[in-house]
Amino acid sequence: MEKKKYYIENYGCQMNISDSEIVCSILDNEGFIQTDLIQNANIILINTCSIREKSEKKILLRINQIKYLKNYKKNLIIGILGCMAEIFKKKFFKINKIVNLILGPDSYRELPFLIKKILNQNGKYINTYFYNNETYSDIIPKRKKEKITAFVTIMRGCDNMCTFCVVPFTRGREKSRDPISILKECEFLFQKGFKEIILLGQNVDSYFWYGGGLKKNFNKFSLKNNTIINFPKLLELVAKTVPFMRIRFWTSNPNQITLNVLNVMKKYKNICKHIHLPVQSGSNKILSLMNRKYSREEYILLINQIYKILPNCSISCDIITGFCNESEKDHNETLNLMNYVKYNFSYMFIYSPRKLTYAFKKFNDNVSLTIKKRRLTEIINLQRKHSYYRLKKSIGKIQEILIEGISKKSINYFYGRNSGNDIVIFNKKNSKIGNLIKVKINNCTSATLIGEIF
Ligand code: 5AD
Ligand code: SF4
């Protein structure tokens, strides 16, 4: 049979990028061929995101847009993967008649089998079941050609149940990946010439290996190993296994990050000094409604600890504005907290009610869109000032930069990142993509550092 071509389109977070790489690897192993041209594909896969209504709307529009391709290829397979599969389930078949495959984040191994089944017998298939032991630990994701940074997923799902967040419903409960497979993959990436690893999880501090299975099912009788591996232990093992690679991790949780993580970061030069530590809100009332399990005061103590142990650590953040019952006073407390921390950068969002979540069921989305937008603008403007403040502090310093590619500004310039994850632009000279070089920082905008090779 002629080899079938697949095209995959990705939406959402880094976890989704990593999952799409797993999907490509599964399909390549079964003889399918990836194409970058949607028109050439026999199979179109859309890896979806449900985090905010905007993301879902964009994807639904996109599916409508590709409908016409079915007119040219009768046997075209269109598959919906990822978070929206878990939310819409079978409804997708109804909303959009062209869809013939729906798979949630735990069922990607079934892709080749189901595709072949549809090719041979037609039909529509769905699997949105969560499998307690599925972490795809044996699958090496198919990564992009530029071998600089690789995502390595260390855990899947989330148990935190923040009241606004749909992730626990779309990705299931927390489960950690076998550390041996993680270390093997890191070593493999080093051999292949990659320079940097980003350890990924919805909440990396919750990493907990006890032999496999859901974290919530752990009790001392289910311990299948002699020792439990937690995140600081894993981070240290990774740093030691690939001492010549840069290590990053994403996302940390203020309620679960430990001093041990900070101490391991301090001990190993190859671990980048950057922590993504979403606060979501600066108001205790809102933090409690969000079920974030920390107070503003505890968060501030944590920030102080970070700067004490890692004085040059860069801290970034996620903030949601306009959550249910958020008053002007609560909003000002967020601005006030931002003024205290002065984040290096932040991702800032308007609250978007999500079905299935506690907030959707129990609270009123009672902040008007006009107010939400105004508050968001205030937050964005303040963050811009803080980013500039932080970047300016780098001027005059010599920093180690990993070169990632050619700058959009000019072909004579490269861009790369410093340890704190800031983007740095500099004249190429004799350097090459993938080199770790010293750059003297001369200037900055509110988002980028500008320097020269030292
Ligand atoms: N509305 C707006 N932002 C959200 N996030 C998660 N759920 C929602 C929602 N319902 C944001 C949080 C989280 C980031 C990944 O997305 O800030 O940290
Ligand atoms: Fe969502 Fe909270 Fe889990 Fe992050 S920690 S994925 S915001 S439930």
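The values are calculated or read from the model by the stated rules, or taken from the named source; none is laboratory data. Because the structure is predicted, anything quoted here is derived from the model rather than measured. Please note: Cβ atoms are built from the backbone with ideal geometry, for glycine as well, and neighbour counts cover all protein chains shown.
Residues that are of a type in the set (A, V, I, L, M, F, W, C): list the strands (runs of 3 or more DSSP E) wholly contained in the range 393-454 that include at least 2 such residues. It would help to see each step written out before you state the result.
Values: elements: 398-406, 413-417, 423-427, 436-444, 448-453.
Because the criterion is at least 2 residues that are of a type in the set (A, V, I, L, M, F, W, C), the strands (runs of 3 or more DSSP E) in the range 393-454 that meet it are 398-406, 423-427, 436-444, 448-453.
From the list Glu146, Glu187, Glu196, Glu110, which one is within 30 Å of Tyr415 (Cα to Cα) and over 21 Å from the mean Cα position of the chain (by Cα)? I'd like the intermediate steps shown before the answer.
Details: Glu146 fails: over 21 Å from the mean Cα position of the chain (by Cα); Glu196 fails: over 21 Å from the mean Cα position of the chain (by Cα); Glu110 fails: within 30 Å of Tyr415 (Cα to Cα).
Checking each option against the conditions leaves just Glu187.
Given the criterion among the polar types (S, T, N, Q), out of contact with any strand residue (DSSP E or B) (no Cβ under 8 Å at 6 or more places or on another chain) and at pLDDT below 95, identify the matching residue among Gln65, Gln14.
Gln65
Applying the selection to the range 335-375, what residues are touching a Phe, Trp or Tyr at 6+ places or on another chain (Cβ under 8 Å), away from ligand 2 (no atom under 16 Å from the Cβ) and assigned to a helix (DSSP H, G or I)?
Leu337, Lys372
List pairs: first residue in the range 306-332 and closer than 19 Å to Cys165 by Cβ, second residue charged (D, E, K, R) anywhere in the structure, Cβ distance under 8 angstrom, at least six positions apart or on different chains.
What qualifies is Thr321/Lys372; Thr321/Arg375; Gly322/Lys372; Gly322/Arg375; Cys324/Asp365; Asn325/Lys285; Glu326/Arg375; Asp330/Lys285.
Restrict the check to the range 155-172 and report whether at least one residue is closer than 30 Å to Leu402 by Cα, within 16 Å of ligand 2 (Cβ to nearest atom), at pLDDT 95 or above and touching a strand residue (DSSP E or B) at 6+ places or on another chain (Cβ under 9 Å).
Going residue by residue through the range 155-172, those that are closer than 30 Å to Leu402 by Cα are 155-156.
Checking the rest, the ones that are also within 16 Å of ligand 2 (Cβ to nearest atom) come to 155-156.
With at pLDDT 95 or above added as a condition, the list becomes 155-156.
Filter again for touching a strand residue (DSSP E or B) at 6+ places or on another chain (Cβ under 9 Å), leaving 155-156.
Yes: the range 155-172 contains one or more residues that are closer than 30 Å to Leu402 by Cα, within 16 Å of ligand 2 (Cβ to nearest atom), at pLDDT 95 or above and touching a strand residue (DSSP E or B) at 6+ places or on another chain (Cβ under 9 Å).
Taking the conditions exactly as written (part of a loop (DSSP other than H, G, I, E, B) and more than 16 Å from ligand 2 (Cβ to nearest atom)), does Pro243 satisfy them or not?
yes
Please note which helices (runs of 4 or more DSSP H) are completely contained in the range 55-170 and include at least 2 residues that are surrounded by fewer than 21 Cβ atoms within 10 Å (Cβ to Cβ).
Details: elements: 69-72, 83-88, 91-95, 111-121, 167-170.
Output list reads 69-72, 91-95, 111-121, 167-170.
Considering Glu86, Glu53, which residue is acidic (Asp, Glu) and more than 18 Å from Gly157 (Cα to Cα)?
Answer to the selection: Glu53.
Taking the criterion of being at pLDDT 95 or above and within 16 Å of ligand 1 (Cβ to nearest atom), would at least one residue in the range 140-151 satisfy it?
yes
Tell me which of these Lys373 doesn't satisfy, since it passes every other one: (1) in contact with a Gly (Cβ under 7 Å, 6 or more places away or on another chain); (2) within 16 Å of ligand 1 (Cβ to nearest atom); (3) without any contact (Cβ under 8 Å) to a residue 60 or more places away in the chain.
Here Lys373 meets the rest and fails (1).
Would you mention how many residues in the range 302-333 are under 26 Å from the mean Cα position of the chain (by Cα), more than 24 Å from Pro353 (Cβ to Cβ) and either away from ligand 2 (no atom under 16 Å from the Cβ) or charged (D, E, K, R) (or both)?
Selection size over the range 302-333: 12.
Which one is nearest to ligand 2 (Cβ to nearest atom), of the residues in the range 173-198 that are out of contact with any Leu (no Cβ under 8 Å at 6 or more places or on another chain) and either free of Cβ contacts under 8 Å to residues at least 40 places away in the same chain or part of a strand (DSSP E or B) (or both)?
Among residues in the range 173-198 that are out of contact with any Leu (no Cβ under 8 Å at 6 or more places or on another chain) and either free of Cβ contacts under 8 Å to residues at least 40 places away in the same chain or part of a strand (DSSP E or B) (or both), the one nearest to ligand 2 (Cβ to nearest atom) is Ser176.
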